[in-house]
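Undergrad: A single structure is presented below for examination.
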Amino acid sequence: MCGIVGYIGGEQAAPILLDGLAKLEYRGYDSAGIAVYNGEEIRMVKSMGRLKVLNELTHDGATLPGTAGIGHTRWATHGAPSDTNAHPHFNETGSIVVVHNGIIENYQKLKQKLIRRGYEFRSETDTEVVAHLLDYYYKGNPLEAITRMMHQVEGSYAFGIMFQDHPGEIYAVRKDSPLIVGHAEKGSLIASDVPAVLKYTRSVYFIENEEIVRLTQDEMVFYNIDEEEIDKEPVTIEWDVNAAEKGGYEHFMLKEMYEQPKVVRDTFSPRLKNGDVVIEELGMSDEEIREVRKLYIVACGSAYHTGMTCKYVFEGLARIPVEVDLASEFRYRNPILDEHTLVIIVSQSGETADSLAALREVKKRGVRVLGIVNVVGSSIAREADNVMYTWAGPEIAVATTKAYSTQLIAQYLLALKFAKVRGTISDVEFAGMLEDMERLPEQMEMLLSNKERVQRFANRYLAARDVFFIGRGIDYAISMESSLKLKEISYIHSEAYAAGELKHGTISLIEEGTLVAAVLTQEDLFKKTISNMLEVKTRGACVLAVTQVGNTEVEKAADYVIYIPKTNRYFTNSLAIIPLQLFAYYVSIGKGCDVDKPRNLAKSVTVE
Ligand code: AGP
């Protein structure tokens, strides 16, 4: 996730900006830059790579004198990591400069309009649109230009902005991306997050959606989108620097779980337009979509589990046969591929060695590959024929949660698109599913707010030796991911089974007190799974059920039930996984494990 800093005051700005950016490094970034106003002109230095490079280029800020400036660490979304795409971005004359965190969803449309008005673009970013748009609206009043720009842009944003003919002022504004401001003895500061300002002040203002702030050395004035002045109360930050990096959460994993409603919305919202699913980056005509006869979803670990779920979604909605394969197996098994095959490689990092090798194998055979990737400009993103990005932002905890959730959403969208084009879904069902998708973030929030209940249950199982997860259909896929979450961060042995398979051998492992977590989200399979729950319960198992609200029948076979809200049968994974992620998390911290960095694991597996 990008990081923004800004400073205006009596000190040299550049060293303060560089220091602030260093405090935001934990957010992940691929390039960095700063722009400083020296009283005459705004000068900028930006570069791909670590902050070290920027420090060297500016001699730790000494080559950019001036007491007002804005800075940025970029985590690429639109346009690969490069010097040119790095922020800040100028208007054409260099009199307006912008840094941005977020995604401008309608940037293509705005860009075309601006090009028609004669603006020339230097970068591939969505942000540059805003620099030119501000230029277009600027008639001497920064506040007016900013509010007019806000009326035009759709999506999420936090901006830091400077205008050359308004020395002594910095502007900041936000919608759906975080931004704080603080006033210190030395001047005023803006930042994406608290750690960047803690050294100077503990009293900060959280900017709310569509609020604007004008900062000078001595004061901060807040406005709403109607340019009316508003009052705001500062908040005193009690956290230490370590906790501040995690937004006050104890661990990155918990923070990332709590980001899920937002990133899920970020992933579907730009692709839902006027009651339709629009995936421009798919690069396939309707004719080509109709010609696909077979899909392979190829991935590793949790990404593979999203494929296991989405096999049911694609087959159910679009009636296309789907094979889901572990990349490490697929690459060596000489799969049957032809011109009617589409291969989808799913990867958070875009660098997983087995997934990348599988992609290359497919390309060698001249078959089309679509990447579903989180890291822009990563190897899989670059080498796939087309890439559909998940907008999860950087994920720091080794155990994936938010990237997993966005991978599901990307595949739901694809399945819906395919179903619509192939005529295998009715208009009513399609419209209903889009409504259900839009409700998911709110439903996820509701589940996250019940975390204490899950924690109490988890605390009873800190000494568990084995835990089994069972389910049928999509619920089996959810079980696989839940089992992986638990074992990777708590080191408790765990397996997932298709519930009907238990009696073919595994049931002999059940003994008094063994925890079996059953997932029941598919109405037509409730009765079947309840029978399997009874089979283990009568053999002494303690049964936890995660099921849809209303399925009270489950209570006769479960010791403990977690209900999830109703949603479309194909979307249930997005909700059922939340309490099961929380369960794994609380078992892990209850046991004192290093939840963000489990032993023997790496975030990105770049070796075979
Ligand atoms: C899950 O929590 C793991 N971190 C792991 O299984 C991961 O999903 C797998 O290694 C694939 O990584 P990728 O999405 O970056 O390709």
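Undergrad: As a test, work out the antiparallel percent of DSSP beta bridges whose residues both lie in the chain, rounded to the nearest 5. Write out the running numbers ahead of the final one.
TA: Working: 63 of 105 bridges.
Counting only bridges with both partners in the chain, antiparallel ones make up about 60 percent.
Undergrad: Please determine, in degrees from 0 to 90 and to the nearest 10, the orientation of helix 13-23 with respect to the longest principal axis defined by the Cα atoms of the chain, where the helix direction is its Cα long axis.
TA: 10 degrees
Undergrad: Per residue and in cubic angstrom, what volume does the convex hull of the Cα atoms of the stretch 165-238 have?
TA: Considering the Cα atoms of the stretch 165-238, their hull volume per residue is 93 Å³.
Undergrad: Sticking with this one: As I understand it, the value is the acute angle between the Cα axis of helix 572-590 and the longest principal axis of the Cα atoms of the chain; what does it come to in degrees, rounded to 10?
TA: The helix 572-590 is inclined about 80 degrees to the chain.
Undergrad: Using the alpha-carbon atoms, what tilt in degrees (0 to 90, nearest 10) does helix 301-318 show relative to the longest principal axis of the chain?
TA: Tilt of helix 301-318: around 80 degrees.
Undergrad: In nm, give the distance between the simple-model label positions of Arg382 and Glu288, each being 7 Å from the Cα along the Cα-to-Cβ direction.
TA: 2.2 nm
Undergrad: Give me a comma-separated list of calculated 3J(HN,Hα) values for the stretch 421-436, in order, Karplus coefficients 6.51, -1.76, 1.60 applied at θ = phi - 60°, integers in Hz, x for any Gly or Pro.
TA: The phi angles translate into 5, 8, x, 9, 9, 7, 4, 5, 5, 4, 4, x, 5, 5, 5, 5 Hz.
Undergrad: Which value does Rg/Rh take for the chain over its C-alpha atoms, Rh per Kirkwood?
TA: 1.00
Undergrad: Keeping all protein chains in the complex and leaving out DNA, RNA and ligands, what accessible area do you get for Tyr249 with a 1.4 Å probe, in Å² to the nearest 10?
TA: 70 Å²
Undergrad: Give the shape of the stretch 394-477 as rounded, prolate or oblate, defined through the alpha-carbon gyration tensor: a ≥ b ≥ c are the square roots of its eigenvalues, a/c under 1.5 means rounded, and otherwise the shape is prolate if a/b is larger than b/c and oblate if not.
TA: Prolate, because a/c is 1.5 or more and a/b exceeds b/c.
Undergrad: If you average over every viewing direction, what projected area does the convex hull of the Cα atoms of the stretch 100-173 give, in nm²?
TA: Average of the hull's projected areas for the stretch 100-173 equals 4.7 nm².
Undergrad: Continuing with the same structure: Let me cross-check Thr552: its accessible surface, 1.4 Å probe, with only protein heavy atoms counted, in Å² to the nearest 10?
TA: 90 Å²
Undergrad: At 1.4 Å probe size, put Lys597, Lys420 in order of accessible surface, largest to smallest. Could you put the intermediate results ahead of the total?
TA: Numbers: Lys597 145, Lys420 80 Å².
I get Lys597, Lys420, largest accessible area first.
Undergrad: Between Arg465 and Ser604, what's the calculated FRET efficiency when r is the beta-carbon distance and R0 is 30 Å? Round to 0.05.
TA: Approximately 0.45, to the nearest 0.05.
Undergrad: Next question. Using 0.36 nm per residue of separation minus the Cα-Cα distance, give me the extension gain between Phe206 and Glu329 in nm, one decimal.
TA: Gain in length upon complete extension: 39.4 nm.
Undergrad: Whenever you get a sec, line up Glu233, Glu208 from highest to lowest accessible area (probe 1.4 Å, protein heavy atoms).
TA: Descending accessible area places them as Glu233, Glu208.
Undergrad: Let me ask something else. Could you please tell me the mean projected area of the C-alpha convex hull for the stretch 1-48, averaged over all directions and given in square nanometres to one decimal? Walk me through the numbers before you get to the answer.
TA: Values: hull surface 13.5 nm².
Seen from a random direction, the Cα hull of the stretch 1-48 projects 3.4 nm² on average.
Undergrad: Ignoring everything but the protein chains, give the 1.4 Å probe accessible area of Val263 in square angstrom, nearest 10.
TA: It works out to around 10 Å².
Undergrad: Can you tell me the Rg and Dmax of the stretch 144-298, counting just the alpha carbons, in angstroms?
TA: In Å, with Rg to one decimal and Dmax whole: 20.4, 66.
Undergrad: Under 5 Å between amide hydrogens, which residues at least 5 positions from Ser494 or on another chain qualify, with H placed 1.01 Å from N in the peptide plane?
TA: Val467
Undergrad: Using amide H atoms built in the peptide plane, which far-off residues or other-chain residues are under 5 Å from Cys542 H to H?
TA: Gly513, Thr514, Leu515, Val516
Undergrad: May I ask you to compute the full-extension gain from Lys199 to Thr424, defined as 0.36 nm times their residue separation minus their alpha-carbon distance, rounded to one decimal in nm? It would help to have the intermediate numbers written out before the result.
TA: Numbers: separation 225, 0.36 × 225 = 81.00 nm, distance 5.83 nm.
So the extension gain works out to 75.2 nm.
Undergrad: Provide, for the stretch 366-513, the number of lysine pairs with alpha carbons under 30 Å apart, each pair being eight or more places apart or on different chains.
TA: Taking the stretch 366-513 as the scope, the lysine pair count is 9.
Undergrad: Viscosity 0.692 mPa s, temperature 37 °C: give me the Stokes-Einstein translational D for the stretch 481-536 in µm²/s, with Rh taken as the Kirkwood radius over C-alpha pairs. Before the final figure, lay out the partial values.
TA: On the way: Rh = 12.4 Å.
Using the Kirkwood radius from Cα pairs, D works out to 266 µm²/s.
Undergrad: Using the 2.2 N^0.38 Å rule of thumb for compact globular proteins, work out how the stretch 333-469 stacks up: its C-alpha Rg over that value, please.
TA: Compactness ratio reported: 1.32.
Undergrad: Under the Karplus relation 6.51 cos²θ - 1.76 cosθ + 1.60, θ = phi - 60°, what is the ordered set of whole-Hz ³J(HN,Hα) values for the stretch 593-607, x standing for Gly and Pro?
TA: Along the stretch 593-607, the couplings run 7, 7, 5, 7, 10, x, 4, 6, 10, 10, 5, 10, 9, 9, 10 Hz.
Undergrad: Could I ask something else about it? Please arrange Phe430, Phe90 by accessible surface area, largest first, computed with a 1.4 Å probe and ligands excluded.
TA: Phe90, Phe430
Undergrad: Determine ³J(HN,Hα), in whole Hz, for all residues of the stretch 527-544 in sequence, where each value follows from phi through the Karplus function 6.51 cos²θ - 1.76 cosθ + 1.60 and θ = phi - 60°; x replaces Gly and Pro.
TA: So the Karplus estimates, Gly and Pro as x, are 4, 4, 6, 4, 4, 5, 5, 5, 4, 7, 5, 5, 9, x, 5, 8, 10, 9 Hz.
Undergrad: Sorted by mean Cβ packing within 10 Å, highest first, what order do the peptides 19-25, 189-195 take? Present the calculation step by step, with values, prior to reporting the outcome.
TA: Numbers: 19-25: 22.0, 189-195: 27.3.
Ranked by mean Cβ neighbours within 10 Å, highest first: 189-195, 19-25.
Undergrad: Label points 7 Å out from Cα along the Cβ direction at Arg319 and Gln152: separation in nm?
TA: In this crude label model, Arg319 to Gln152 measures out at 4.6 nm.
Undergrad: Calculate what fraction, in whole %, of the accessible area of the stretch 1-124 sits on carbon and sulfur atoms when a 1.4 Å probe is rolled over the protein chains.
TA: With neighbouring chains kept in place, the figure for the stretch 1-124 is 49 percent.
The values are calculated or read from the model by the stated rules, or taken from the named source; none is laboratory data. What you see is a predicted model; the values in this text were computed from it and never measured. We place every Cβ from the backbone using ideal geometry, glycine too, and count neighbours over all the protein chains shown. Surface accessibility is based on the protein's heavy atoms, side chains included, excluding ligands, DNA and RNA. Shrake-Rupley method; radii C 1.70, N 1.55, O 1.52, S 1.80 Å.
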